[in-house]
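Visitor: Quick one: this structure, given as structure tokens, is what I'll be asking you about.
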Amino acid sequence: MPAPGAVSLVGVDRGHVREATHLGHIAVASADGELVASLGNPDQRTYFRSCAKPFQALAGLRAGLVARFGLGPEHIAIMSASHNGEPRHLEVVRDLLARAGVAEDALQCGAHWPLYEPAATEARRSMREPLAVFNNCSGKHAGMLAAARALEAPLDRYLEPGHPVQGAIRAALAEVTGLAPGDIVFGVDGCSAPNPAVPLQAMARSFAVLVTAKQGPAVNIVEAMIAQPFLVGGSERFDTRLMEVTGGRLLAKGGAAGAHCTADRRSGRGLAVKLESGDGTWIATAVIAALDQIGWLTGRELTELSRFAHPVLRNHRGIEVGRVGPLFELSPVTAV
């Protein structure tokens, strides 16, 4: 059952019949927590999922990783990534582990084949089982392990809630969301790391806080992500293309189960979108419509992102059988 207040965000039409409607919520907030625009219920509690990665990386950077291990922007970007498992992604994750003196088998994220099918096909030619480094969260886990090394904390327990690395992450999340630590609920993510659930408005605020930082590790994370968008996602990924097309004006990070956050470095505001279906297949359609309606995309940028904004449904023969599109309009009163 959808959460109270959910509104229709995305429609999937097969032929002339509406086949699916994805309900959800949208929140736009400033760094001081002001709710600037919303649809649905901005107080709906939802998991950050991988949208939390920049803040998990923030805790690691505060442990002194950059100076101690000689890290560059590529390492910071991969710590904040949900990567495709392409060769360059694996190279950077392995280099991060090597610099921290951590063995690859210390990764506790679990294994899956690379998300990018050409990379997965190549990997299957040489092995029967996937490696943990292929996991889209392996960069985040490499960063947590490096943080554990820097803090001289146990490597084998780095995912336990009581571990110093997870304590630092909780503190960073409370800071950027403006919530008391006890008001952040944690579950276990797909990669086995603790994952926070907060009101959607707090998620939007956290990204506004990130891009309005004037100094310190938060600035390093933003600069790394916009300078290395390929490492944040990879080939054919929405977040990568959004940052590339906007020249880094927008910072983007999506998560599983229909969660996505974007921040506009020009206005200093954050956008959070959640699809109640938990199906993130069409999240980009909702995000682009919201970005357009609040004026964060130019006409040229919309054109370049059109395949994400209005996806075409095709069957196994490649025949067009339907289309996907947004179903909402933000009121001019609440537009940014």
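Visitor: Counting only residues 5 or more places away or on other chains, whose amide H sits under 5 Å from the amide H of VAL10 once H atoms are built in the peptide plane?
Guide: Excluding prolines and chain starts, which carry no amide H, the hits are HIS22, LEU327.
Visitor: Apply the Karplus curve 6.51 cos²θ - 1.76 cosθ + 1.60, θ = phi - 60°, to the phi angles in segment 232-247 and return the couplings in whole Hz, x for Gly and Pro.
Guide: The phi angles translate into 5, x, x, 4, 6, 8, 4, 4, 4, 5, 4, 6, 5, 5, 8, x Hz.
Visitor: What does the charge add up to near CYS261, with Lys and Arg as +1, Asp and Glu as -1, over the other residues with Cβ less than 11 Å from its Cβ?
Guide: Values: positive: ARG49, LYS53, ARG205, LYS253, LYS274; negative: ASP239.
Charge balance near CYS261 sits at +4.
Visitor: Within segment 65-138, report the trypsin sites (Lys or Arg not before Pro) that DSSP leaves as loop and that have at most 11 other Cβ atoms within 10 Å.
Guide: Working: sites: ARG68, ARG88, ARG94, ARG99, ARG124, ARG125, ARG128; in loops: ARG128.
When the trypsin sites (Lys or Arg not before Pro) of segment 65-138 are filtered for loop state and at most 11 Cβ neighbours within 10 Å, ARG128 remain.
Visitor: May I pose another question? Using θ = phi - 60° and the Karplus relation 6.51 cos²θ - 1.76 cosθ + 1.60, list the HN-Hα couplings for segment 50-56 in order, rounded to whole Hz, with x at every Gly or Pro.
Guide: Listing the rounded values in order: 6, 5, 7, 4, x, 7, 5 Hz.
Visitor: What order do you get for 316-322, 303-309, 16-22 when each peptide is scored by the mean count of other beta carbon atoms within 10 Å, highest first? Please report the intermediate quantities before stating the final value.
Guide: Details: 316-322: 9.3, 303-309: 16.1, 16-22: 13.0.
Peptide ranking by packing, descending: 303-309, 16-22, 316-322.
Visitor: Sticking with this one: Set Lys and Arg Cβ to +1 and Asp and Glu Cβ to -1, take the dipole of segment 7-326 about its Cα centre, and tell me which of GLY40, GLY325, PRO181 lies farthest positive.
Guide: Looking along the dipole axis, the top candidate is GLY325.
Visitor: Another question about this same structure. Compare the peptides 169-176, 108-115 by average per-residue count of other Cβ atoms within 10 angstrom and give them in order, highest first. The partial results should precede the final answer.
Guide: On the way: 169-176: 20.2, 108-115: 18.8.
Going from most to least packed, we get 169-176, 108-115.
Visitor: Next question. For a quick check: with amide H placed at 1.01 Å from N, whose amide H comes under 5 Å from ALA37's, ignoring anything fewer than 5 positions away on the same chain?
Guide: Residues meeting the amide H criterion: VAL28.
Visitor: Once phi is turned into θ = phi - 60°, what whole-Hz ³J(HN,Hα) does the Karplus curve with 6.51, -1.76 and 1.60 give for every residue of segment 121-134, x standing for Gly and Pro?
Guide: Each residue of segment 121-134 in turn: 4, 5, 5, 5, 5, 10, 8, 8, 10, x, 9, 4, 5, 5 Hz.
Visitor: If amide hydrogens are placed 1.01 Å from N in the peptide plane, which non-local residues have theirs closer than 5 Å to the one on ASN195?
Guide: The answer is GLY187, VAL188, ASP189.
Values quoted throughout were computed directly from the atomic coordinates according to the rules given, and no laboratory measurement underlies them. Keep in mind the model is a prediction, meaning the values are calculated, not measured. Neighbour counts run over all protein chains shown; Cβ positions are idealised from the backbone, glycine included.
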